[in-house]
Each structure stands twice: as structure tokens, then as C-alpha cells.
Amino acid sequence: MYTRDGTSLALDVRLPGPVENGPYPTLVEYSGYGYANPAGPESGISQILNLLGYAVVDVNMRGTGCSGGAFDYYEAAAELDGYDVVETAARQPWVPP
């Protein structure tokens, strides 16, 4: 996903089943840990939530994991990124209206 300023954020979507069986309640995990890296560790919460029928969207904050940019916890862009991640996830076909 690309942010408003063009920075690339790494994300990984884990659905509990096929897209066509959705919509699924969805949790967005927006953090500095490497769960959006396909070669990295899988979030423990995604495994549990998938079993309970939830979709999980793991997103690395800018400058962390596989995401571009520089990490600054208090940067306003990180807040805007989080907002845009939630809005983008909400528009997906597997998310309830």
C-alpha cells in the first residue's frame, strides 16, 4: 500500500477462508513488528482470530519491517498512515459494510 506521500507500507492479509465466503469481521494490526513480512514470523493473534472467523490485516508502520520511509513515533504522517490503512481495509470486498 502506498501512503499519501508515496511511502510504501508492507502489509499482509490473512483471511479465515476464501474471499467469496466473506464478508469477515476484520482486525487491522498496525505496528512496528515484522508480521507483514511474508518471510517473517506470523502474528499469534492472526492465527487465533482466523480460527474464530476474523480476517487480519498486518501492516508495518513506516520505517519498520518491510515498509519504506523512516520511523518516527511522533510523526504526524504515521497517524495519517494508520487512518488510511483502516479506510483502505474497510473498502475491501471481504470486509462487512
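Of everything in region 68-85 that's of a type in the set (Gly, Ala, Ser) and on the phi < 0 side of the Ramachandran plot, which residue is nearest to the chain's Cα centre (by Cα)? It would help to see each step written out before you state the result.
Taking region 68-85 as the starting set, the residues that turn out to be of a type in the set (Gly, Ala, Ser) are 68-70, 76-78, 82.
Now narrow it down to the ones that are on the phi < 0 side of the Ramachandran plot: 68, 70, 76-78, 82.
Working: Gly68: 14, Ala70: 18, Ala76: 19, Ala77: 16, Ala78: 13, Gly82: 9 Å.
If we take residues in region 68-85 being of a type in the set (Gly, Ala, Ser) and on the phi < 0 side of the Ramachandran plot, then Gly82 is nearest to the chain's Cα centre (by Cα).
Taking region 45-84 only, how many residues are among the hydroxyl-bearing types (Ser, Thr, Tyr), in contact (Cβ under 8 Å) with a residue 40 or more places away in the chain and open to solvent by 60 Å² or more (accessible area, probe 1.4 Å)?
Filtering region 45-84 for residues among the hydroxyl-bearing types (Ser, Thr, Tyr) gives 46, 54, 64, 67, 73-74, 83.
Narrowing further to those that are in contact (Cβ under 8 Å) with a residue 40 or more places away in the chain: 67.
Filter once more, so that each one left must be open to solvent by 60 Å² or more (accessible area, probe 1.4 Å): none.
Within region 45-84, residues that are among the hydroxyl-bearing types (Ser, Thr, Tyr), in contact (Cβ under 8 Å) with a residue 40 or more places away in the chain and open to solvent by 60 Å² or more (accessible area, probe 1.4 Å) number 0.
The values are calculated or read from the model by the stated rules, or taken from the named source; none is laboratory data. The structure displayed is predicted, hence computed values, not measured ones. Please note: Cβ atoms are built from the backbone with ideal geometry, for glycine as well, and neighbour counts cover all protein chains shown. Note: accessible area is taken over every heavy atom of the protein model, side chains too, but ligands, DNA and RNA are not part of it. Shrake-Rupley method; radii C 1.70, N 1.55, O 1.52, S 1.80 Å.
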